[in-house]
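Since every read-out is calculated from the coordinates, none of them should be taken as a lab result. These numbers were taken from a predicted model, which means no experiment stands behind them. We place every Cβ from the backbone using ideal geometry, glycine too, and count neighbours over all the protein chains shown.
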Amino acid sequence: MNLWLFFKFFAFICNIYFSTASIDYMEVPEIIWFLFAKKLAGEISASELQELRIFVRDNPAIEPQLEAINLSWKQIPVKNDEKLEAAYLCIKQKISEKDRCYNSAK
């Protein structure tokens, strides 16, 4: 799943909701959304976290919106559902198979 795309869309919605925001979310580099998604997932490296912190430091208008997304993310209940995990693994395998077919056709 492309989490950065989700966050870009979510930030766009936040921009509408927080109409007083002084930052254009479409102007935020894609890598920042990717790094923020990795941070929320707990998969960010130290150097990536430093890059994200520098961006937020240089663009303080985005900080309240990132914090709002962070708080929303923490409120999403985590289900430990075996059926959900099995479905995810099935989809992941199908994507992997399609990637192999695509790469072998090149």
**Message:** Spelling out what I want: for every residue of the stretch 28-45, take phi, set θ = phi - 60°, compute 6.51 cos²θ - 1.76 cosθ + 1.60 (Karplus), and round to whole Hz; glycine and proline get x.
**Reply:** 6, x, 4, 4, 5, 5, 4, 5, 5, 4, 5, 5, 5, 7, x, 10, 8, 7
**Request:** Rank these for me by crowding, Leu49, Leu84, Leu66, going from fewest to most other beta carbons within 10 Å.
**Result:** Leu84, Leu49, Leu66
**Asked** Between Cys90 and Glu30, what FRET efficiency comes out of the Förster formula 1/(1 + (r/R0)^6) with R0 = 25 Å and r the beta carbon distance, rounded to 0.05?
**Response** 0.30
